[in-house]
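K.L.:
Can you read through this structure? Questions will come right after.
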Amino acid sequence: MPHHNNHHDDDDVILIPHPCSYRGRSSNSSKSVCAAYCDCEFPKSTIVAGYKGHVPDLIKCRCGEDDPAYHCINWHWHQQSELDIHLEGPNVTFHPTYSQGTAIVRGEEPLAPNMMHFWEMRILTALSGTDVMFGVGTDKVDLTQFKFHFVSALGTNAQSWGFSYEGKIHHNGYQLPYGQKFSQGCIVGVLLDRTRGQLEFFLNRRSLGVAFTNIPTDPSVKLYPMICSTAAKSSIRLINATSQHECLQLRAFRAVSKQPKAMEELRQLPGLKTIMNDYWFLAPPVRYSQESKNSQIDMLDEAVLSKNRRGRKQKYKDDDVDVNDLYSNAHKIALHHRAESDEEPALNEYFDEYFHYLF
């Protein structure tokens, strides 16, 4: 496995692009916008711009946050009077009147070391302007640094890592293509593995692959969830936030979760119900809007491709992967079986090597 260095340089950036970037898409595919999570109607930008009240009050849709089995929030946004934001519960509205720079908001408490953290945010308004970004940053990030400047704030230096609504990832002054552009109605998920120093993003509950492998693992480094925006009246809602302690069971489930067809078989086993609920964020319930159904990608192929499509900044090779790392080797098991037969292997064929760790 790659070593987790707590210093940061551009060589540490790792890119694993989303496979839809490669599947029969034109050269203009980077300009296409990901379909919303559902088909609910959202207010147009003109309505939001003229609205005098609290912007989230305009949003009636609760898709993605209406299942009590998964809905939980174990932290909230941090209120800071000098920031140009308005907080009301899980909702954050950037530049409520007009924008004159970049506002950054972070979570109240740092994300504990030696744990896996996952949180989801629903984009309530259309995104536009210089940038709207989601990610993490250390306590050294100055939240007011770009108050009067329009910049892509997360990733400007070694203290933060960001995923832009333009589909790019940013760190230490570098940016790389990563996924589709996204906007109103989409759900952005963030999976932070503080044990292995990995950061992964989800779009509409579909993994885009590991974006960074150089997140500090040192317990003395304080990391916070962050969002930044330059867009006036841009509104984001935190809909889920959970944390789980690192353990072998969690690692095993994460490896299994990369094979969607096998996950369907696991859901039929009553004895795994508690585990499925605890680790739901590794295989979140997916739904498709009518627009996105027509361009659905086979999720097994996606799991394989997301581990093999390496960007030009990739620093490590497969030879560097720990053979005992269940998660990193899950795609190799799938490739091995698919090469031998066109038929879909049974669950036990996939996971004989680590399935027993779930029990």
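K.L.:
What's the number of the only condition in (1) within 18 Å of the chain's Cα centre (by Cα); (2) charged (D, E, K, R); (3) closer than 30 Å to LYS273 by Cα that ASP131 fails to meet?
P.N.:
It fails just one condition, (3).
K.L.:
A further question on this structure: Got a number for residues in the range 103-120 being in a strand (DSSP E or B) and either assigned by the TED database to the domain that holds ARG251 or closer than 21 Å to TRP280 by Cβ (or both)?
P.N.:
We begin by selecting, within the range 103-120, every residue in a strand (DSSP E or B); these are 103-107, 115-120.
Going one step further and asking which of them are either assigned by the TED database to the domain that holds ARG251 or closer than 21 Å to TRP280 by Cβ (or both), we end up with 107, 115-120.
Looking only at that region, the number is 7.
K.L.:
Looking only at the range 216-231, which residues are touching a Lys or Arg at 6+ places or on another chain (Cβ under 7 Å), within 28 Å of GLY101 (Cβ to Cβ) and either surrounded by fewer than 24 Cβ atoms within 10 Å (Cβ to Cβ) or of a type in the set (D, E, K, R) (or both)?
P.N.:
TYR224, the sole residue that qualifies.
K.L.:
A further question follows. So is VAL33 more than 30 Å from ASP218 (Cα to Cα), modelled with pLDDT of 90 or more and within 21 Å of the chain's Cα centre (by Cα) or not?
P.N.:
Yes: the conditions hold for VAL33.
K.L.:
Restricting the range 241-256 to residues that are part of a strand (DSSP E or B) and out of contact with any Phe, Trp or Tyr (no Cβ under 6 Å at 6 or more places or on another chain), which is surrounded by the fewest Cβ atoms within 10 Å (Cβ to Cβ)? Break it down into steps so the answer makes sense when it comes.
P.N.:
Here is the first cut: in the range 241-256, the residues part of a strand (DSSP E or B) are 241-245.
From the residues that got through so far, the ones that are out of contact with any Phe, Trp or Tyr (no Cβ under 6 Å at 6 or more places or on another chain) too are 243-245.
Numbers: SER243: 16, GLN244: 16, HIS245: 11.
Ranking the candidates gives HIS245 first.
The values are calculated or read from the model by the stated rules, or taken from the named source; none is laboratory data. Predicted model only: the values in this text are computed from it and were never measured. Cβ sites come from the backbone with ideal geometry, for glycine too, and all protein chains shown count toward neighbours.
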